Amino acid sequence: MTSLTAVAMAWLEAWNAHDMDAIMSHYDDDIEFYSPVIVRINNDPAGRIKGKAALRSYFERALQAYPDLHFELYHVLEGMSSVVLYYKSVNNSLSAELMVLNEKGLVQQVRAHYKAMS
């Protein structure tokens with residue numbers, strides 16, 4: 001298993017355990033996170049969060065909104081200092097998250113994408 005795949009698997013395990021400290025350990029302090037779910041959870045039409053403290057707060061609200069959250073990983077696609085996770089997300093939607101990692105191996109930017117499963 002390559003290091004990017006290992007990062008992806010550790011991220012998935014942290015989310016499925018609802019372990020906020022483990023989840024947050026993957027993100028840089030200057031994280032920039034974009035997701036359509038931010039629009040719904042944070043009531044923010046920009047769909048953007050900047051900074052680790054704000055991201056933690058958002059994730060805590062998301063876990064409260066989806067207490068049965070469980071991600072089912074389908075694929076890990078590796079790039080140059082980036083990884084795309086393709087998985088089944090909340091409400092059986094499909095998700096693809098592009099994660100760009102910095103030189104410390106921490107996620108510095110996320111672009112999340114969703115599609116309802118038919």
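Each value in this text was obtained by applying a stated rule to the coordinates, not by laboratory testing. What you are looking at is a predicted structure, and each value in this text was computed from that prediction instead of being measured. FYI the Cβ positions are ideal-geometry reconstructions off the backbone, even for glycines, and counts take in every protein chain you see.
Within the straight-line cut-off of under 19 Å between alpha carbons, the aspartates and glutamates reachable from LYS104 are ASP21, ASP28, ASP29, ASP30, GLU32, GLU78, sequence neighbours fewer than 8 places apart in one chain being disregarded. With neighbours defined as other Cβ atoms within 10 Å of a residue's Cβ, the residues MET99, MET24 order from fewest to most as MET24, MET99.
The calculated FRET efficiency for the pair GLU103 and LEU73, based on their C-beta separation and a Förster distance of 41 Å, comes to about 0.95. In the chain the Cα-Cα distances spread across 5 Å bins starting at 0 as 2, 12, 21, 28, 24, 10, 3, 0 percent of all pairs.
The convex hull around the C-alpha trace of the range 1-70, projected and averaged over every direction, spans 4.8 square nanometres. Using 0.36 nm per residue and subtracting the Cα-Cα separation, the extra length available between SER82 and MET20 on full extension is 20.1 nm. For the range 57-118, GluC sites (Glu not before Pro) meeting the loop criterion (DSSP other than H, G, I, E, B) and having at most 14 other Cβ atoms within 10 Å: GLU103. Taking a Cβ cut-off of under 12 Å around ALA8, the surrounding Lys, Arg, Asp and Glu residues balance to a net charge of -3, with basic ones at +1 and acidic ones at -1. Placing pseudo-labels 7 Å out from each Cα toward the beta carbon at TYR34 and ALA10 gives an inter-label distance of 2.7 nm.
Given Cα pairs under 8 Å that are at least 6 residues apart, what percent is the relative contact order of the range 3-115? Averaging sequence separation for qualifying contacts and normalising by length gives 25 percent for the range 3-115. Residues considered: ALA22, ALA96, ALA65. Largest GNM mean-square fluctuation over the chain, using C-alpha springs under 10 Å, is found at ALA65.
Taking a straight line from the alpha carbon of LYS115, these lysines sit under 17 Å away, with near neighbours fewer than eight places off in the same chain left out: LYS88.
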